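What follows is a set of notes on a single structure, which appears directly below.
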Amino acid sequence: MMIVFFTVAFAAQAVPPGEEPVEPYTQSDANAGATPFRGAGMLRAFHGRTGINRMTDDFVDRLLADKRITDIFKSQDIVRLRRLLKEQFCYILNGGCAYTGRTMKASHNNLGIQEADMGALVEDLQAAMRKEKIGFFEQNRFLAKLAPIKREAVQR
Ligand code: HEM
């Protein structure tokens with residue numbers, strides 16, 4: 001019984017390869033900060049899980065190269081950020097993924113993110129979606145879905 005307990009507890013805390021450990025937290029899709037779209041339309045528009053992963057990698061590359069906000073990402077765990085953004089986007093686009101990251105509030109606490117930083121991130125996301133040739137209507141649907149997260153990420 002004890003062995004089973006420790007195995008489960010350890011598995012839940014396991015740090016994926018290339019990532020740094022974080023303080024324990026409760027995993028839940030509710031942490032993603034948005035509910036998924038219904039149906040397969042948005043997933044199709046983003047070219048399935050392969051398209052989501054490709055677009056998200058390009059998005060993260062743009063964030064890191066963006067002089068306006070690059071300092072915010074210095075000394076953060078980018079391997080973890082990439083993995084969790086892919087999970088979060090796949091979950092929201094109804095691609096059948098679970099989101100295993102922290103809440104949007106907990107993830108962005110104390111990073112000092114301002115309104116303008118959010119604006120820069122949205123521009124980088126738009127550029128990544130354009131490059132993936134996602135329809136303009138679906139781009140805007142996705143951005144509208146993410147918009148409430150601004151309240152959690154921007155520091156007041
Ligand atoms: C729609 C808006 C946003 C979404 C959906 C989002 C999503 C995420 C996700 C999924 C994580 C990983 C959570 C975890 O490690 O458990 C994260 C972390 C992070 N985000 Fe955001 N984010 C948003 C806005 C922003 C903005 C505006 C900035 C700064 C320009 C930013 C900077 C960061 C940084 C630096 C981390 C790493 C924090 C750490 O490892 O402790 N995010 N974000």
So for the range 11-34 (the condition being exposed (fewer than 13 other Cβ atoms within 10 Å of the Cβ) and modelled with pLDDT under 55), does at least one residue qualify? yes
In the set Arg54, Arg38, the lone residue that is assigned to a loop (DSSP other than H, G, I, E, B) and surrounded by fewer than 19 Cβ atoms within 10 Å (Cβ to Cβ) is Arg38
On the basis of being assigned to a helix (DSSP H, G or I) and exposed (fewer than 15 other Cβ atoms within 10 Å of the Cβ), does Asp124 make the cut? no
Could you look through the range 81-103, keep only residues that are closer than 17 Å to Ile69 by Cβ and hydrophobic (A, V, I, L, M, F, W, C), and pick out the one that is surrounded by the most Cβ atoms within 10 Å (Cβ to Cβ)? Leu85
Can you pull out every residue in the range 87-100 that is more than 9 Å from the ligand (Cβ to nearest atom) and outside any loop (DSSP other than H, G, I, E, B)? Cys90, Tyr91
With the condition kept exactly as written, say whether any residue in the range 76-85 is within 16 Å of the chain's Cα centre (by Cα), touching a residue at least 40 places away in the same chain (Cβ under 8 Å) and not in a helix (DSSP H, G or I). yes
Only unsatisfied item for Thr103, checking (1) under 26 Å from Ile134 (Cβ atoms); (2) within 10 Å of the ligand (Cβ to nearest atom); (3) hydroxyl-bearing (Ser, Thr, Tyr), is (1)
Going by the structure shown, is Met118 modelled with pLDDT under 95 and of a type in the set (A, V, I, L, M)? no
Do any residues in the range 94-105 that are closer than 22 Å to Arg151 by Cβ have Cβ atoms under 8 Å from those of residues that are among the β-branched types (Val, Ile, Thr) and part of a helix (DSSP H, G or I), where the two are at least six apart or on different chains, and which pairs are they? Met104/Ile149
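The values are calculated or read from the model by the stated rules, or taken from the named source; none is laboratory data. On a predicted model such as this, the values are computed, not experimentally measured, just so you know. When we count neighbours, we look across all protein chains shown, and the Cβ atoms used for this are built from the backbone with ideal geometry, even at glycine.
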